[in-house]
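The structure appears right after this line, and notes come after that.
Coordinate-derived values only; no laboratory data. None of the values given here were measured: they were computed from a predicted structure. When we count neighbours, we look across all protein chains shown, and the Cβ atoms used for this are built from the backbone with ideal geometry, even at glycine.
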Amino acid sequence: MVGVALSRWTMSYFAAALTSLIIAEGLMAAGFGYPAASIAAPETLILVHIVTIGWLSLLMCGALFQFVPVLIARPLYSNMLPLPTLGLLLAGLLALLLGFLQMAGTVPPHAGYFAGAAILLAAGFGLALWNLGRTLWAARPLPLPARFVVVGLCCLGVTVFLGIVFALVLGGIATSSHLLDATTFGLPIHVIAGLGGWLTFSAVGVSYRLLAMFMLAPELDGPTTRGTFYCGTAALAVAIIGGIAAICTSGSVTMMVSAAGVLGLLGIALYGRDMLHLYRARKRRTIELNSRMAGVAFANLAAILVISIGLLVAGNFSQHVGIVVFLVSFGWLSSLALAKLYKIVAFLTWLECYGPVLGKTATPRVQDLVVERRANKWFVLYTAAVWCAAAGLALDAPLAFRLSAAVMLLATCGIVRQLLRTRRLANVQPTLRLPKGVRPPHLLYCWVQQP
């Protein structure tokens, strides 16, 4: 990895994403949105899109700009596009939130909010798709982890397309009966394409490479890994393509989603087996904090599946879908994201600062940039708070949910503080912190672009 090009603006994506997460948790702690409001309420939609676009999507885009080149051993197509992409996405998110506030009667009506959101988000995600797509296209044939990302990017395209349709309909701009039907019945497809395809499937692909790299484990490309890819891809295709076809032909979207769920369960089971194999086959015997907490995220995913199956068998899934979405967003995706961020920020900071002088002077190890015993308690607290919040939702105890969300906020701030210390080199011994030729890293961008 020494000598690999660093994405100059990845840290800016991470900073914007973490800010969005803190805002979302603060809103939940204040009683804004679900469960104080219904799932379809504008306040809940604001909260959902701060999490899915502001937190998870910005984080994923920033990570992919850095790690897609690592997956395929080729440079990013354009290092100039990530900054305008970030600006467009943030502006589009702001316009979308204003549109929802208009629906809630909080801001004066304006016809341009949803239209502006549709244009800005389409442009922002379009630039991201173009940049990453051109990068991947030039590296064919692709290694297996990169193929996961390709499917994830396709799902991002579907998610954005449906989101644009929803925005235009909500803004009163689109009145076609087909678009109205898509808005009425297409929400499950939008959620599956976004949370299941774009965020989860991309995260699965990247995790195969990062976990193997960080734990010094052999990279996987066997039958179970390919089975994970094919089952997951088939599940997404059935849910998205079959679901859209069902809408167009007045068929059953629920039937398509249920059929996709069977394939998805098989894919997740194979993925879990692969992750267990990576942990067992690792050469790094001491499991670092990021890998331990990634294991907790995988356990959370398994628990979410068990809960979902139980709700389906009991016929109560639709009544408790909010709990499942909450757990997928915070118990699975956010837990994995925070765990990997803890390592990625240290790793990229080390590459930026000490990679250029490696072999020329004494340098710290990557692990010297962090102090795990300080961060461990915040990760444990975050995980416990997520499950307490889910219990509050299940028991219809909004006060318990808000208190748990406040603890999630506290834990997240504790993790962010550790990331800031890492970025500031505050944990490195003074004698090794800034040898000759090394300058302190900037918080929001990388100083160097290595060839």
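Tell me whether segment 258-402 comes out rounded, prolate or oblate; compute the Cα gyration tensor, take square roots of the eigenvalues as a ≥ b ≥ c, and use a/c under 1.5 as the rounded threshold. Kindly include the intermediate steps, with their values, before the conclusion.
Values: a/c = 3.11, a/b = 1.87, b/c = 1.67.
Taking the square roots of the gyration eigenvalues as a ≥ b ≥ c, segment 258-402 is prolate.
Once you list every other residue whose beta carbon is under 15 Å from the beta carbon of R284, what net charge do they have if Lys and Arg are +1 and Asp and Glu are -1?
Once all neighbours under 15 Å are counted, the net charge is +4.
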Could you run the Karplus curve 6.51 cos²θ - 1.76 cosθ + 1.60 with θ = phi - 60° over segment 61-67 and give me ³J(HN,Hα) per residue in whole Hz, x for Gly and Pro? 4, x, 5, 5, 4, 8, 9
Listed values (i) 22.9, 69; (ii) 21.5, 70; (iii) 23.5, 83, entry calculated as Rg and Dmax of the Cα atoms in Å: (ii)
For a test of the definition: using alpha carbon positions, the gyration tensor, and the 1.5 limit on a/c, classify segment 297-343 as rounded, prolate or oblate. oblate
Gyration tensor on Cα atoms of segment 332-451, a ≥ b ≥ c root eigenvalues, a/c under 1.5 rounded, else prolate if a/b beats b/c, else oblate, says prolate
Using alpha carbons only, how many angstrom separate the centre of segment 34-99 from the centre of segment 123-141? 16 Å
In degrees between 0 and 90, to the nearest 10, how far off the longest principal axis of the chain does helix 253-281 point, with axes built from Cα atoms? 20 degrees
Stretchable slack from L94 to R374, in nm (0.36 nm times residue separation minus alpha-carbon distance): 97.3 nm
On a 0 to 90 degree scale, rounded to 10, what angle separates helix 112-137 from the longest Cα axis of the chain? 50 degrees
With θ taken as phi - 60° and the coefficients 6.51, -1.76 and 1.60, list the Karplus ³J(HN,Hα) couplings across segment 205-221 in order, rounded to whole Hz; mark glycine and proline as x. x, 5, 5, 4, 6, 5, 5, 4, 5, 6, 9, 6, 10, x, 6, 9, 8
In Hz, Karplus ³J(HN,Hα) per residue of segment 403-409 (6.51, -1.76, 1.60; θ = phi - 60°; x = Gly, Pro): 5, 5, 5, 5, 5, 4, 4
Residues of type lysines that K377 reaches as a straight line, Cα spacing below 25 Å, ignoring anything fewer than 8 places off in the same chain: K340, K343
How high is the FRET efficiency from A302 to C413, r the C-beta distance, R0 22 Å, rounded to 0.05? 0.20
Amide H partners (placed H, <5 Å) of Y77, local residues excluded: T135
Please report the net charge: other residues with Cβ closer than 12 Å to the Cβ of R140, K and R +1, D and E -1. +3
Rank by packing, highest mean first: peptides 299-309, 409-419, with packing defined as the count of other Cβ atoms within 10 Å averaged across residues. 409-419, 299-309
